[in-house]
Amino acid sequence: MEMSTLELLLEFLKVLPINIIIIILSAALGLLFAILLTFLRIKKIPVISQMADLYVSFARSVPGLILLFIAYFGIPKILSLMGFNSVDVSPMHAAIISMGFYHSGYISEVFRPAYLSVDKSQHEAADSLGYTPTKKFFRIILPQVIPVALPGYGNGLVYLIHDTSLIFAIGVIDIMGVAELFISRSYGTNQVFIYFVIALMFSAMCFTADFLIKKLEKKTSFR
Amino acid sequence: MFDLKASYDMFLGILGLLPKTLLLAVTILILSTLLGIVIAIIQQYKIPVLIQLIGLFKLFLRGTPMVVFLYLMYYALPAMGQLIISLLGINYNMNNMSPVIILIVTVSLTLSAFQSEIIRGAFLAVDYGQIEAAHSLGYSFYQTFTRIIVPQAFVHAVPDFANSFTVAIKATSLGFLITVIDIFAKAKIMAAQNFRFVEAFLMVALIYWGAGILITKIADRYENDVRIK
């Protein structure tokens, strides 16, 4: 069956929301988990903070593709160990979880130095002025951490978007999955064009993320 | 549930392919460093046209995932190679180009952009006083470059090179998408024989993790030994 370029673009646009949802959800999951990890590593709670360190080194040195497969095959096993038999773990859930965790390893390594970059005297000054720990964190420390962390976080976000291009490998029908379908349907005639279109779509997503982070950077910088 | 014996067998089976992956990664690192040097020179001397092309290429890399780039190359590289070869008048069928070559070319191109930045940064980190001192001692330009600048720049670049090396190792895992048999593809094949997917992929993760830790440790050790205190 021959497909026109317009039809092809429409098909792509139909599945684009799946990519965007996965990116947003795994970014949110990754952010939450990274904050927790960073907290554990900074507080230096024995055993737990070492485990967090170990986790970060694991998430950073294992390819995203493998985490994806571990999550896809491993989550049902863990669930059945816990007594939930025949729970349907869709590839999309596995993708969101593994991408979120992969992302958290990267950005936790951005947040930790950013937190440590705040001068010790800032802590001391806040303490001497009678700030409670919560107040100190939200009013003094966090506003100084954010501008330092944002550029690195933006990079992490772009890498996350790049890595979500792998999720088709576990069977999510996203834009890469649809591309494979197209190619097999058209007997491999216009692969280069299809992947070029995908490159443009991913670029659009990445540059949007870049743009948003840049805007946030301008807003939060106190200079 | 979790079969230790099967895991152990798989670990050994997969480990056998580690040298291949490492060799692939070393090739990629060398090629991308050479390319990175060329890019760094072009950027340093602001060679017109080429510098714009590199800017465009970097923009492309910023936005395009490596998988997409890999597929683009997989489908376009043989045709491009065929075109060049036919222009040169050589009769050779490029369509049976090995996917390994495509993987190496793609990852090297991607990494070269990072390598060029690392190289530039390393050279800029060498104190200008060092160059002046060398000149005052009567070193020629070539001697200053090879005996004073390069050794110091190299030490600066080592941690980043180690990082690039791990990136290269991780990137080779994408090879299975274009039928290159590396660690990951081997694990998939072994897992398909007895349906122990979780064990197989955990073993792969373990191997990648071990390799990553080892490389970081070696680089740290080297840096500590060489850095001038």
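Every number in this text was worked out from the coordinates using simple rules, so none of it is lab data. No experiment lies behind these values; they were computed from the predicted model shown. A quick note on method: Cβ atoms are made from the backbone with ideal geometry, for glycine too, and the neighbour counts reach across all protein chains shown.
Key figures
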{"read-out": "Relative exposure of A:S90, B:S173, judged by other C-beta atoms within 10 Å (fewest first)", "value": "A:S90, B:S173"}
{"read-out": "Computed magnitude of the charge dipole of segment A:16-171 (debye, nearest 20; Cβ of K, R +1, Cβ of D, E -1)", "value": "320 debye"}
{"read-out": "Cα→Cβ-extended label distance, 7 Å offset, between A:S128 and B:D9, nm", "value": "6.9 nm"}
{"read-out": "Per-residue Cβ neighbour rank within 10 angstrom, fewest leading, A:K120, A:K77", "value": "A:K120, A:K77"}
{"read-out": "When the convex hull of its Cα atoms is projected in every direction, mean area for the protein assembly as shown (nm²)", "value": "29.2 nm²"}
{"read-out": "Percentage relative contact order, chain B, counting C-alpha pairs under 8 Å, at least six apart", "value": "32 percent"}
{"read-out": "Ranked list, fewest to most other Cβ atoms within 10 Å of each Cβ, for B:V107, B:V126", "value": "B:V126, B:V107"}
{"read-out": "0 to 90° range, to nearest 10: angle between helix A:191-220 axis and chain A longest Cα axis", "value": "20 degrees"}
{"read-out": "Whole-angstrom gap from segment A:78-99 to segment B:64-85, using each part's C-alpha centre", "value": "36 Å"}
{"read-out": "Kirkwood Rh, angstrom, chain A [1 / mean 1/r, Cα pairs]", "value": "19.7 Å"}
{"read-out": "Relative contact order computed over segment B:122-164 (Cα-Cα under 8 Å; 6+ residues apart), in percent", "value": "52 percent"}
{"read-out": "Percentage, to the nearest whole number, of Cα pairs in segment A:69-140 over 15 Å apart", "value": "69 percent"}
{"read-out": "Pairwise centroid distance, computed over Cα atoms, of segment A:42-71 with segment A:115-177, Å", "value": "17 Å"}
{"read-out": "Computed over segment A:16-171: relative contact order in percent, which uses C-alpha pairs under 8 Å that are six or more apart", "value": "34 percent"}
{"read-out": "Loop-located chymotrypsin sites (Phe, Trp or Tyr not before Pro) in segment B:51-138, at most 13 other Cβ atoms within 10 Å (DSSP)", "value": "B:Y92"}
{"read-out": "Rounded to 10°, Cα long-axis angle of helix A:5-43 versus longest principal axis of chain A", "value": "20 degrees"}
{"read-out": "For residues of A:64-75, the mean tally of beta carbons on other chains within 10 Å", "value": "6"}
{"read-out": "Rounded FRET efficiency, nearest 0.05, which uses the C-beta distance separating A:K135 from B:N95 and R0 of 56 Å", "value": "0.25"}
{"read-out": "Estimated FRET transfer efficiency (A:L36, B:D225; beta-carbon r; R0 45 Å; 0.05)", "value": "0.75"}
{"read-out": "Sparse-neighbour loop sites [trypsin sites (Lys or Arg not before Pro); segment B:21-80; at most 13 other C-beta within 10 Å; DSSP]", "value": "B:K46"}
{"read-out": "A:M82-A:F222 pseudo-label distance in nm [points 7 Å out on the Cα-to-Cβ vector]", "value": "4.1 nm"}
{"read-out": "Distance between segment A:1-39 and segment B:174-229 - C-alpha centres, whole angstrom", "value": "27 Å"}
{"read-out": "Partner chain coverage, peptide A:52-61 - average Cβ within 10 angstrom", "value": "3"}
{"read-out": "Value of [θ]222 nm, deg cm²/dmol, for chain B, DSSP H segments ≥ 4, -39500 (n - 2.57) each, nearest 500", "value": "-26500 deg cm²/dmol"}
{"read-out": "Size of electric dipole in the protein assembly as shown: Cβ of Lys, Arg +1 and of Asp, Glu -1, about Cα centre, debye, nearest 20", "value": "860 debye"}
